[in-house]
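Visitor: One structure, as structure tokens, below. Some questions next.
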Amino acid sequence: MNIKYIFISIISVLSLSICSHFFAIGHNLTWIGFTQPQQFILLLLRLLFLSLIVERIVELYVIAYRQPGKIKLVNRIDNGNKDERIEATELLASYRAETTKQAGIVGFLIGLTMGLVGIRIFSDVFSFSGIPTHQLILFNAFELFTMGALMAGGSKGINKIVSGIEAFASIGKRKSAHSD
């Protein structure tokens, strides 16, 4: 990783911390929390469901707009001479990288759109009573960005979390069944 980006990240976090302190950002936001574990699992399952929808939409985009170019390059690799194969292999690697980048952008934009129309993840977790308007605006911007990033990242990470919770719960059930 480039040292310049690490430095910029550290400066950004410090600047935001200073602004938060002097402009009282984030001080009145109250964590509601989850009263039952099912509420947390429901939130994760909701995220998993939404990310699966976004993955299917992104997959449709890739099939409709990127697959034809990939097929042409694969055909050049299969049917070309040695020089054409080498060139087409390099182009295919570049094409795949560009497809991954475009798929991430499409996923981010879909997640951002979901947040804009009201499909949010953090709104139910915090109480907004008594917070200043600028804090609410910053919170909404953060939530929109986070929603876009989560949807662009896909369902794999969320699925791992849900699977880990299920495994942990099943161990607890087995222990309680053996103790009876």
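The values are calculated or read from the model by the stated rules, or taken from the named source; none is laboratory data. These numbers were taken from a predicted model, which means no experiment stands behind them. Cβ sites come from the backbone with ideal geometry, for glycine too, and all protein chains shown count toward neighbours. Ligands, DNA and RNA are stripped out before the accessible areas are found, and what is left, the full protein with its side chains, is counted by its heavy atoms. Shrake-Rupley method; radii C 1.70, N 1.55, O 1.52, S 1.80 Å.
Visitor: Residue 52: in a helix (DSSP H, G or I) and either modelled with pLDDT of 85 or more or open to solvent by 100 Å² or more (accessible area, probe 1.4 Å) (or both), yes or no?
Guide: yes
Visitor: Among the residues of the stretch 94-113, is any aliphatic (A, V, I, L, M) and modelled with pLDDT under 90?
Guide: yes
Visitor: Restricting the first residue to the stretch 69-85 and requiring it to be touching a residue at least 12 places away in the same chain (Cβ under 8 Å) and open to solvent by 90 Å² or more (accessible area, probe 1.4 Å), which pairs with a second residue that is aromatic (Phe, Trp, Tyr) and outside any loop (DSSP other than H, G, I, E, B) meet a Cβ separation below 6 Å and a spacing of at least six or different chains?
Guide: Between residues of the stretch 69-85 that are touching a residue at least 12 places away in the same chain (Cβ under 8 Å) and open to solvent by 90 Å² or more (accessible area, probe 1.4 Å) and residues that are aromatic (Phe, Trp, Tyr) and outside any loop (DSSP other than H, G, I, E, B), there is no close pair.
Visitor: Restricting the search to the stretch 96-111, which residues are surrounded by 17 or more Cβ atoms within 10 Å (Cβ to Cβ) and free of Cβ contacts under 8 Å to residues at least 40 places away in the same chain?
Guide: Within the stretch 96-111, just 99 meets the criteria.
Visitor: A follow-up question, please. Here is a check on your reading of the model: is residue 57 of a type in the set (Val, Ile, Thr) and either modelled with pLDDT under 90 or on the phi > 0 side of the Ramachandran plot (or both)?
Guide: no
Visitor: Determine, yes or no, whether residue 118 is out of contact with any helix residue (DSSP H, G or I) (no Cβ under 8 Å at 6 or more places or on another chain), at pLDDT below 85 and open to solvent by 60 Å² or more (accessible area, probe 1.4 Å).
Guide: no
Visitor: Further question: Would you pick out the residues in the stretch 106-142 that are charged (D, E, K, R) and over 21 Å from residue 58 (Cβ atoms)?
Guide: Selection gives 124 alone.
Visitor: How many residues are farther than 23 Å from residue 41 by Cα, open to solvent by 60 Å² or more (accessible area, probe 1.4 Å) and assigned to a helix (DSSP H, G or I) if we restrict to the stretch 127-161?
Guide: Result for the stretch 127-161: 5.
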